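Step one of this worksheet: look at the structure below.
The values are calculated or read from the model by the stated rules, or taken from the named source; none is laboratory data. Since this is a predicted model, take the numbers as computed values, not measurements. Don't worry about glycine lacking a Cβ; one is built from the backbone with ideal geometry, like all the others, and counts go over all protein chains shown. Ligands, DNA and RNA are stripped out before the accessible areas are found, and what is left, the full protein with its side chains, is counted by its heavy atoms. Shrake-Rupley method; radii C 1.70, N 1.55, O 1.52, S 1.80 Å.
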Amino acid sequence: MVDTANQNALLTVKVVHTVVWVFFVVCIAAIPVMTWRGRYAHATWFVGIVLAEVLVLALNRWSCPLTPVAARFTRDRRANFDIFLPEWLARHNKEVFGGLYVLGVVYLVFKWTTQQS
């Protein structure tokens, strides 16, 4: 028998998790774009927003706080059981976007410190 309440709850968590993920990916992508445009203060705000998420992840043993919520509604434990991402991306999400975040921050620091007055 299919438990529709659990399916609906899992679907809700997956949608929320995916929306939050997209928000942070946009923030990470905005760092080099704002830096390239010379909008260092804007880029710094994006760095701070993502840093807050990094702290949340660190406090949760490098796991999204939504993962255990989703786990209550399914036995599935594939890397993407709690989010609408391809499994390979869900599995390597922190490495891929963590690397892009660090590169964006390095670019920001370099450009900001070497700008012509």
Being over 24 Å from residue 99 (Cα atoms), part of a helix (DSSP H, G or I) and modelled with pLDDT of 95 or more is true for just one of 10, 51, 57. Which residue is that?
10
Residue 96 in contact with a helix residue (DSSP H, G or I) (Cβ under 9 Å, 6 or more places away or on another chain), surrounded by 12 or more Cβ atoms within 10 Å (Cβ to Cβ) and without any contact (Cβ under 8 Å) to a residue 12 or more places away in the chain
yes
From the option list 46, 84, 97, single residue qualifying as under 16 Å from the mean Cα position of the chain (by Cα) and part of a loop (DSSP other than H, G, I, E, B) is 84
Hey, among the residues in the stretch 15-55 that are aromatic (Phe, Trp, Tyr) and more than 27 Å from residue 114 (Cβ to Cβ), which one's surrounded by the fewest Cβ atoms within 10 Å (Cβ to Cβ)?
23
Can you pull out every residue in the stretch 99-117 that is open to solvent by 40 Å² or more (accessible area, probe 1.4 Å) and either free of Cβ contacts under 8 Å to residues at least 24 places away in the same chain or small (Gly, Ala, Ser) (or both)?
102, 106, 109, 110, 113, 114, 116, 117
Looking only at residues that are loosely packed, with under 15 Cβ neighbours inside 10 Å and among the hydrophobic types (A, V, I, L, M, F, W, C) in the stretch 58-80, which one is farthest from residue 106 (Cα to Cα)?
59
Residue count for the stretch 60-81, restricted to those that are part of a loop (DSSP other than H, G, I, E, B) and either out of contact with any Phe, Trp or Tyr (no Cβ under 7 Å at 6 or more places or on another chain) or free of Cβ contacts under 8 Å to residues at least 12 places away in the same chain (or both):
15
Six or more apart or on different chains, Cβ under 9 Å: which pairs go from a residue in the stretch 33-49 that's on the phi > 0 side of the Ramachandran plot to one that's outside any helix (DSSP H, G or I) and at pLDDT below 95? Could you list them?
38/115
